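Read the structure below first, then the notes.
Every read-out reported here was derived from the displayed coordinates using simple, explicitly stated rules and does not represent laboratory data. Model, not experiment: these values are computed from the prediction. FYI the Cβ positions are ideal-geometry reconstructions off the backbone, even for glycines, and counts take in every protein chain you see.
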Amino acid sequence: MGDPSRLPPDAELVARLRVGDEAAFRLVLDAWSPSMLRLARSFVSTGDSAEEVVQESWLGVIQGIDRFESRSSLKTWVFRILVNIAKGRGAKESRTLPFSSLLPEDEGPSVDPSRFRPDTDAYPGHWNPGQKPQAWASPESEALHGEARRVVGEALAALPDRHRVVVALRDVEGYTSDEVCHLLNISPGNQRVILHRARAAVRTRLETYFAPVEPQRHSGASTRPRRPTRHAAEAARPTLRDCGRG
């Protein structure tokens, strides 16, 4: 599998692709295809259809590389081809993701209002005691890190498709806000709303899963919590980028 961090500069890749350099094509194919497949799957109805979208996208790259004008990165251009093809395939399958407008899933509080101080409090809107999200530290246990990665992966899979696409592009693939808006033809405001709600949902899932379990006493002895403490979970937080790698 190609390492994206070891790819040659865009100028070199583009020049090599334009002359039909098969080694250069294999580099980008290996580096970007897994991410492209994950993204395509959010637009279409089946895994097989997503694979066809990726294949068609690479064909489009080969046919259109001479028209690449370097107004964006090569990867952004490739993913834009993918998104356009995936949207078209999704429309044929009656599966569309309307990014141009907000939906009911984008409305309402993204964090439980009970976690905040009420209007009658001296500090309305501030976090209630014990409710403020804690800072995340580096992993202390590889096993715990792996468990947290699994939980985040499940949280991502449970997101509405539009939310998963945006958070994957921003936090897994590392695209900027402007790049995501360009890729999805979405307004900056809608991108911010969707990204905020997606991130909040993932964090809530982590907080819920790793919340301390009260020990149960049997014959004077207490059982161990079935899950790691919240402190341990914070120490084991993976990045969304890690969880998105397949």
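Set the Förster radius R0 to 22 Å, insert the Cβ-Cβ distance between THR208 and ASP121 as r into 1/(1 + (r/R0)^6), and round the FRET efficiency to 0.05.
Approximately 0.35, to the nearest 0.05.
Stretched out fully, how many nm does the piece from LEU59 to ASP178 gain, at 0.36 nm a residue minus the Cα gap?
Length gained between LEU59 and ASP178: 40.2 nm.
At 7 Å along Cα-to-Cβ for each site, give me the label-to-label distance between ARG18 and ASP66 in nm.
1.1 nm
Using 0.36 nm per residue of separation minus the Cα-Cα distance, give me the extension gain between LYS92 and ALA11 in nm, one decimal. Display every interim value, and only then the final one.
Working: separation 81, 0.36 × 81 = 29.16 nm, distance 3.58 nm.
Additional length available on full extension: 25.6 nm.
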